[in-house]
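The structure appears right after this line, and notes come after that.
The values are calculated or read from the model by the stated rules, or taken from the named source; none is laboratory data. Note that the structure is a prediction, hence the values are computed from the model and not measured. Here the Cβ positions follow ideal geometry from the backbone for every residue, glycine too, while neighbour counts run over all protein chains shown. When the accessible area is computed, the model is the full protein with side chains, heavy atoms only, and any ligands, DNA or RNA have been set aside. Shrake-Rupley method; radii C 1.70, N 1.55, O 1.52, S 1.80 Å.
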Amino acid sequence: MTQPRPSEFIPPPECPVFEPSWEEFSDPFGFINKIRSIAENTGICKIRPPPGWQPPFACDVDRLHFTPRIQRLNELEAQTRVRLNFLDQIAKFWELQGCTLKIPHVERKSLDLYQLYKVVSEEGGFEQVCKERKWTQISTRLGFAPGKAVGSHLRSHYERVLYPYYLFQIGVNLLATGFTSFGDYSNCTSQKPTLTNDTKDKEYKSHDLPQRQSVQPAETTTIARRAKRTEGRCVKTEQGEPCENRPNLRRRMGSCVAKSEPVLNIPVQVKQEPVELAVPAPPEGEKSKVRKLDSSVVEQYICLVCGGGGDEDRLLLCDGCDDSYHTFCLIPPLHDVPKGDWRCPKCLAQECGKPQVAFGFEQASRDYTLRSFGDMADSFKSDYFNMPVHMVPTELVEKEFWRLVSTIEEDVTVEYGADIASKDFGSGFPVKNGSFKVTPDEEHYVTSGWNLNNMPVLDSSVLTHITADICGMKLPWLYVGMCFSSFCWHIEDHWSYSINYLHWGEPKTWYGAPGYAAEQLEMVMKKLAPELFESQPDLLHQLVTIMNPNLLMEHGVPIYRTNQCAGEFVITFPRAYHSGFNQGFNFAEAVNFCTVDWMSLGRQCVAHYRSLNRYCVFSHDEMVCNIAAKADNLDLVLACAIQKDMSAMMEEEKELRERAYKLGVWHSQQVDYEELPDEERQCIKCRTTCFLSAITCPCSPTQLVCLHHLQDLCSCACSNYTLNYKYTLGLLNQMFKSVAGRAVSYDDWASKVNKMLKPEREKNDVEDLRALMVEAEKKMYPEMDLLRHLRQIIQEAEKSAAMAQQLLNGKRQTRYRTGGGKSQNQLTVEELRSFIQQLYDLPCTIRQVPFLKALLTRIEEFQARSADLLAEDMPGSSALQGLVDEGTGLDVELPELAVLRQRLEQARWVEAVQQAGEQPASLSLDCMRRLIDQGVGLSAHACVERTMARLQELLTVCEHWEEKAHNMLTARPRCSLDSLETALQEVNSIHAYLPNCLQLKDSVSRAREWIREADALQFGGRVPVLASLSDLVSKAKGIPVLLEPLARLESLVSEVQAWKESAAKTFLLKNSSLSLLEVNACLGFFFSVPIYLTVLYVCVSVLSPELEELLVEGLLLQVTLPELQQLYQGLLSRFSPFHHLLQSSEHDHHEKPEKHPKRRLEKENPDVQDRDKIKKPKKKKPKTNKERRREEKRTISPSNSLSDPSYSDDSEEDWSVCSAKRCLQPEGNEVNWVQCDGSCNQWFHQVCVGVSAEQAENEDYICVNSDRRSV
């Protein structure tokens, strides 16, 4: 259907299951009374007999035969039946107009026409929904997904199928004054409705629910009436046969039509025509004459709307009353003549307006034996589930059953052999003098109280005082079930108990509601299916209606279930609604019984039946009087119950007789109503079976009424009435006194007990209650409710006192103790509070109560302190430990203890983390991981989560920096010192022990120290010694840091080593054992590098190129070499003619040198200016040491600097770049430069080195680097 598929059935909770011992099982009513306080709260219960109790199956299988009921499952469920009834009405409505109803399909699902009709009505009707454009809302309420434009389809289907029926229901017809033409109807619908169906639509097959019931005689069905009419006169000819009685005017006037258009509006009221226009049917002898009627006969038919006889081809003749109507005069008008039978509005109103017949089961046409029914049942189940019957799970059958009863698309029919009288074919239990012969070992089953033939007539059952044998109540009924056969919601007659025993077969599934929820269940079913109760107010008494337990539970009705297996009893309690179904082929037996506690409910039930005008199965007053007549032999408990019931009965009877006397009923007579059949003594108004009194009138001597309905007998005066009575009030009073005398001694004792047990009275000691118990035992009072109640109170008081003392002593026995010291069966605080309240509620005093109250006060104070402490974010562990110790000593199960222990573990962990954080030197990665592992096992808490998050974050950061520090220490190429220092700045903010980071810090410290040593060696004012350089280079290799001076130092050392090798090759003989230093030991004086250069300039012209190159390279090494000093000394002594030049050079060295005009002022054009702005020192291509030395030699050589013009050109690019370390990059049309007068000859912006134009012109400028070298 279009509405969402019902959710899968959810089984209700299980009802109680009792397994009595052999001793308990020996007294059926005693055991039932024992479990009553528990079982009546669920309405039903299951009893498993003790093992070994297996009565023989005594039914005569070969003689048993029965006609089962036919049950169509979807007709059983209340709401599904409402839908089926609605669809049947719609189908009948269209069938009477010659059309077949087909269920439309929307979104590939059958449309729920009932739900659509109901929802549209709730929204204000078709016109209102169209006016307010609510069809999208309608589609959503029907369960369709939004956004699929389903609303337009729903409107079309409603207008086509349901709207004509709606107009018929509200009474719109063609003769109504408000609708005299089609124009009036056009206001109701925008287009002409038609029942033309889509090819996907499924033809609806009417269920004809009322017509198939067993209560309906066959001749009254619609089909029979139609057949009878066809026999009288021909309405519809077959294959062109001539009509024998009356010409078929509709077919004659409206020739062949290709498409049927049914009547779409059904009027209810039809104007009565004063003249009968239909031609009467001729006698049989005149058939030939009728067959020859000419067109004048046709002219006799006129339209009842317009009164005209024209347009004969559009004139319709009703197949029910022969009235004629024009197709265009109908509301709505018909486009074509219908092909099938057609009914006018008057006949349609008569047929559809007939009252619904009460629903009931029809009987099967076949009679079964037990064996043939079993074969059919097993075959049905195995075919349905496609598996052997014993392999089908009960849960699957249950869900499938509730699915089938809720769908109208699947019609599953089963049969149920119900209410088979055991007196006709024998009970399943063995009975005395029965046809079934039992063995000596099975004799006890014949007299057992659990034998359903014996239970209703046991001494403790009040039904034994009913003289008539009532089938189903005093005599068991048999039930033969098959899969899905069901028994609907009902309560037992007179609200009595019932007991059902499953002899054999597959389980029977039961559902029950407690007696206190009976009215609630009735109210819910009436609310959910009001249409059924409108036509059948006593529907639930007919046992023909079922409703899904899940639906009832959703509306607050308590429902319980059970699966009754073979050999088990199910008992239903007074006024407990119950229903169920069979899982498969089985055989069960059931009967009713009534105990003493039922007496008051039985009288209430009679009053309830009177309000429903429902007949009684037996007379309750007659049963009470029969029991009272045996007062001398009555059981004390029954005597007391009868005394109370008789008191109420006599009081009511006295009031009714006095009322009748006041109304004028003065005649009376004695009548023995017990001798009359029940049918002859029923009140004609409420159908109550009369016994004590009744009213009759001479005008109708066979009719009578009860005194409640005295004025409903007839119209005669009350003075004509006669009061018929069974007993006078005096005789009733004597019977009452006899019963009271039997119960008086018990009443005295009972009054004492009730007085002591009153809650508002001052409590007595438990010893006073024991005295009453002793009195009852001495007088040998039978076991009764009050005696059992007194015994139970004494036992509870003694048990409570002993338990209270154990609680106070702290020595309460426990089965075992857990590792935490908690007793397995310790009382909870609520149980202790409830226990103390229970002690207060006892009708006697317990001396331990004040002490338990003090213990409870201590516990409540402990809970209050615990709540305050636990409200803190994270309390201290010492405070928590103190509360844990206190709570452990209270010997009560305190839920706060578990929370306190958890919080204690959390507090200890948080404190451990805090302590570790306060000592960063010991907070290693392993320590953090260990703390995290400990914290993971703790329960969730905000403080723990925050601490864990911070610890996790710290661990993540530490692991990251440890890994990063390790990578930086092992990186190739090594990281620069700046990057390491930047990393250390971040690491310093981490308070934890990080070995790699500490190693990184040490490496940075060593790198800084090395750089300081390198700077001191390089810029200390002295030329470094080779040994110092070598030591510094070796030290740098152990530092995992990129040291920028290291590469230059390593290169310098390599150059020195290369020069020494070249010098050795030049000055030493091959394979000489002497070093270069030893060879030149004779030269002992030393000159500074500038003097070497001066001599070199003088001597280069006379030295060989190789020697010249060697000397220049040695002078440029910037390292102090003894070999170079001795070599220079030797050369100086060799070239003595140039000694005066040396002296002159030395003299000039001390005098102010001649100033040379080396200042330069450049005027640059815009292009040059832009180049100066953007040009940066370029990274030149690396050169070998030898090439660099040659370039430096050319730079130093005066001849090259003076004679080689290309040098200036090549250096123009270098001059355009300022050599200052921090060039300010001056801009403008004029840029002033200055050249160093020292050894480097580099150019600088004047503004970059702080030199003015005047200073640069008049004074020598020596840059910092040249100054250091000169020093």
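For residue 1003, state whether it is in contact with a Pro (Cβ under 6 Å, 6 or more places away or on another chain), at pLDDT 80 or above and assigned to a helix (DSSP H, G or I). Yes; evaluated as a whole, the condition is true for this residue. The single condition from (1) open to solvent by 70 Å² or more (accessible area, probe 1.4 Å); (2) touching a residue at least 40 places away in the same chain (Cβ under 8 Å); (3) within 30 Å of residue 634 (Cβ to Cβ) that residue 744 fails is (2).
Of 67, 80, all but one fail to be in contact (Cβ under 8 Å) with a residue 60 or more places away in the chain and surrounded by 16 or more Cβ atoms within 10 Å (Cβ to Cβ); the exception is 80.
Scanning segment 605-630 for residues that are surrounded by fewer than 19 Cβ atoms within 10 Å (Cβ to Cβ) and charged (D, E, K, R), which turns out modelled with the highest pLDDT? Applying the filter and picking the extreme gives 610. Taking the residues in segment 694-709 that are at pLDDT 90 or above, part of a strand (DSSP E or B) and touching a helix residue (DSSP H, G or I) at 6+ places or on another chain (Cβ under 9 Å) as candidates, determine which candidate is surrounded by the most Cβ atoms within 10 Å (Cβ to Cβ). Across segment 694-709, the extreme among qualifying residues is 695. Taking the listed residues 64, 73, the one that is over 22 Å from residue 564 (Cα atoms) and in contact with an Asp or Glu (Cβ under 9 Å, 6 or more places away or on another chain) is 64, with no other qualifying.
Residue 333 passes every criterion in (1) modelled with pLDDT of 90 or more; (2) assigned to a loop (DSSP other than H, G, I, E, B) apart from (1). Checking each residue in segment 747-759 for being touching a residue at least 24 places away in the same chain (Cβ under 8 Å) and in a helix (DSSP H, G or I) picks out 747, 749, 750, 753, 754, 756, 757. Step by step: first the residues of segment 389-414, then only those that are charged (D, E, K, R) and over 25 Å from residue 499 (Cβ atoms), then the one that is surrounded by the most Cβ atoms within 10 Å (Cβ to Cβ). Which residue is that? Out of the qualifying residues, it is 400. For segment 686-718, the tally of residues that are over 21 Å from residue 662 (Cα atoms) and in contact with an Asp or Glu (Cβ under 8 Å, 6 or more places away or on another chain) stands at 3. When the residues of segment 1-26 are filtered to those that are open to solvent by 30 Å² or more (accessible area, probe 1.4 Å) and at pLDDT below 90, the one that is nearest to residue 395 (Cα to Cα) is 8. A single entry from 425, 373, 380, 429 fulfils the requirement of being touching a residue at least 12 places away in the same chain (Cβ under 8 Å), of a type in the set (Phe, Trp, Tyr), open to solvent by 40 Å² or more (accessible area, probe 1.4 Å) and within 30 Å of residue 60 (Cβ to Cβ): 380. For the subset of segment 916-937 comprising residues that are under 38 Å from the mean Cα position of the chain (by Cα) and not in a loop (DSSP other than H, G, I, E, B), which member is farthest from residue 874 (Cα to Cα)? If we take residues in segment 916-937 being under 38 Å from the mean Cα position of the chain (by Cα) and not in a loop (DSSP other than H, G, I, E, B), then 933 is farthest from residue 874 (Cα to Cα).
When residue 99 is tested against (1) free of Cβ contacts under 8 Å to residues at least 40 places away in the same chain; (2) touching a Pro at 6+ places or on another chain (Cβ under 9 Å), just one condition goes unmet, and that condition is (1).
Considering segment 664-677, the residues that are without any contact (Cβ under 8 Å) to a residue 12 or more places away in the chain and more than 19 Å from residue 628 (Cα to Cα) include one that is surrounded by the fewest Cβ atoms within 10 Å (Cβ to Cβ), namely 677. Entry remark, segment 710-737: residues being assigned to a helix (DSSP H, G or I) and surrounded by fewer than 17 Cβ atoms within 10 Å (Cβ to Cβ) number 10 in total.
Report yes if residue 93 is within 30 Å of residue 449 (Cβ to Cβ), in contact with a helix residue (DSSP H, G or I) (Cβ under 6 Å, 6 or more places away or on another chain) and open to solvent by less than 20 Å² (accessible area, probe 1.4 Å), otherwise no. No: the conditions fail for residue 93. Among residues of segment 146-159 being open to solvent by 20 Å² or more (accessible area, probe 1.4 Å) and in contact (Cβ under 8 Å) with a residue 12 or more places away in the chain, the one that is nearest to residue 93 (Cα to Cα) is 157. Considering only segment 61-80, how many residues are in contact with a Phe, Trp or Tyr (Cβ under 7 Å, 6 or more places away or on another chain) and in a helix (DSSP H, G or I)? Total satisfying the criteria: 1. Restricting segment 7-37 to residues that are hydroxyl-bearing (Ser, Thr, Tyr) and more than 17 Å from residue 791 (Cβ to Cβ) leaves a set whose member that is nearest to the chain's Cα centre (by Cα) is 7. On inspection, residue 691 fails the criterion of being closer than 29 Å to residue 632 by Cα, among the aromatic types (Phe, Trp, Tyr) and assigned to a helix (DSSP H, G or I). In the set (1) open to solvent by less than 30 Å² (accessible area, probe 1.4 Å); (2) of a type outside the set (Asp, Glu); (3) not in a strand (DSSP E or B), the condition left unmet by residue 661 is number (1). Residue 45 meets all of the listed conditions (1) outside any helix (DSSP H, G or I); (2) out of contact with any Cys (no Cβ under 7 Å at 6 or more places or on another chain); (3) open to solvent by less than 10 Å² (accessible area, probe 1.4 Å) but one, namely (2).
Within segment 478-494, which residues are open to solvent by 10 Å² or more (accessible area, probe 1.4 Å) and of a type outside the set (Ser, Thr, Tyr)?
Hits for segment 478-494 are 487, 490, 491, 492, 493.
Might you let me know whether segment 957-973 holds any residue that is open to solvent by less than 20 Å² (accessible area, probe 1.4 Å), at pLDDT 85 or above, assigned to a helix (DSSP H, G or I) and of a type outside the set (Gly, Ala, Ser)? Checking segment 957-973: at least one residue is open to solvent by less than 20 Å² (accessible area, probe 1.4 Å), at pLDDT 85 or above, assigned to a helix (DSSP H, G or I) and of a type outside the set (Gly, Ala, Ser).
Restricted to segment 825-849, and to residues there that are assigned to a helix (DSSP H, G or I) and open to solvent by 80 Å² or more (accessible area, probe 1.4 Å), the residue that is farthest from residue 793 (Cα to Cα) is 830. With the condition kept exactly as written, say whether any residue in segment 494-509 is touching a Cys at 6+ places or on another chain (Cβ under 9 Å), at pLDDT 85 or above, hydrophobic (A, V, I, L, M, F, W, C) and outside any loop (DSSP other than H, G, I, E, B). Yes, because at least one residue in segment 494-509 is touching a Cys at 6+ places or on another chain (Cβ under 9 Å), at pLDDT 85 or above, hydrophobic (A, V, I, L, M, F, W, C) and outside any loop (DSSP other than H, G, I, E, B).
Residues in segment 938-956 that are outside any helix (DSSP H, G or I) and open to solvent by less than 70 Å² (accessible area, probe 1.4 Å): 938, 939, 941. Counting only residues that are among the basic types (Lys, Arg) and in a helix (DSSP H, G or I), segment 588-646 holds 3 of them.
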